[in-house]
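K.L.:
Sharing a structure below in structure tokens format, with a few things to ask.
The values are calculated or read from the model by the stated rules, or taken from the named source; none is laboratory data. Bear in mind that the values here come from a model prediction, so they are computed numbers and not experimental data. Cβ sites come from the backbone with ideal geometry, for glycine too, and all protein chains shown count toward neighbours. The area values use the complete protein model at the heavy-atom level, side chains included, leaving out ligands, DNA and RNA. Shrake-Rupley method; radii C 1.70, N 1.55, O 1.52, S 1.80 Å.
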Amino acid sequence: MRKSRTFEDVIAQIERRIADDGLTVGDRLPGERQLAEQLQVGRSSVREALRVLETLGVITSQAGRGPTRAPCSSPGPRARWPTC
């Protein structure tokens with residue numbers, strides 16, 4: 001049995017938060033430090049999870065602004081987000 005890596009658990013928790021909170025395009029997620037505290041994980045795990053979600057087109061991130069829900073026209077696979 002393969003043990004999941006911490007950043008994979010963080011990805012799942014962030015995805016759940018987006019779905020449960022009904023975040024729409026442009027809505028902000030908590031910053032890296034706050035997410036790490038809330039999820040009780042290291043900032044490096046949060047950083048890796050955010051990087052993966054940005055690559056998938058689920059979020060966008062800019063220095064100083066933090067992560068936000070990406071527009072549906074953002075590049076990246078959207079199969080996990082059929083609401084777009």
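K.L.:
If the Cβ limit is 6 Å and pairs must be 6+ apart or interchain, which residue in region 38-63 that is among the polar types (S, T, N, Q) pairs with which residue that is open to solvent by less than 40 Å² (accessible area, probe 1.4 Å) and modelled with pLDDT under 90?
P.N.:
THR60/THR68; THR60/ALA70; SER61/PRO67
K.L.:
Sticking with this structure for a sec: Within region 8-55, which residues are crowded, with 17+ Cβ neighbours inside 10 Å, aliphatic (A, V, I, L, M) and farther than 17 Å from PRO71 by Cα?
P.N.:
VAL10, ILE11, LEU35, ALA36, LEU39, VAL41, VAL46, ALA49, listed by residue number.
K.L.:
Looking at region 62-84, which of its residues are within 15 Å of ILE11 (Cβ to Cβ) and at pLDDT 85 or above?
P.N.:
PRO67, ARG69
K.L.:
Another one. Limited to region 56-72, what total is found for residues that are surrounded by fewer than 17 Cβ atoms within 10 Å (Cβ to Cβ) and basic (Lys, Arg)?
P.N.:
Summing the residues that are surrounded by fewer than 17 Cβ atoms within 10 Å (Cβ to Cβ) and basic (Lys, Arg) in region 56-72 gives 1.
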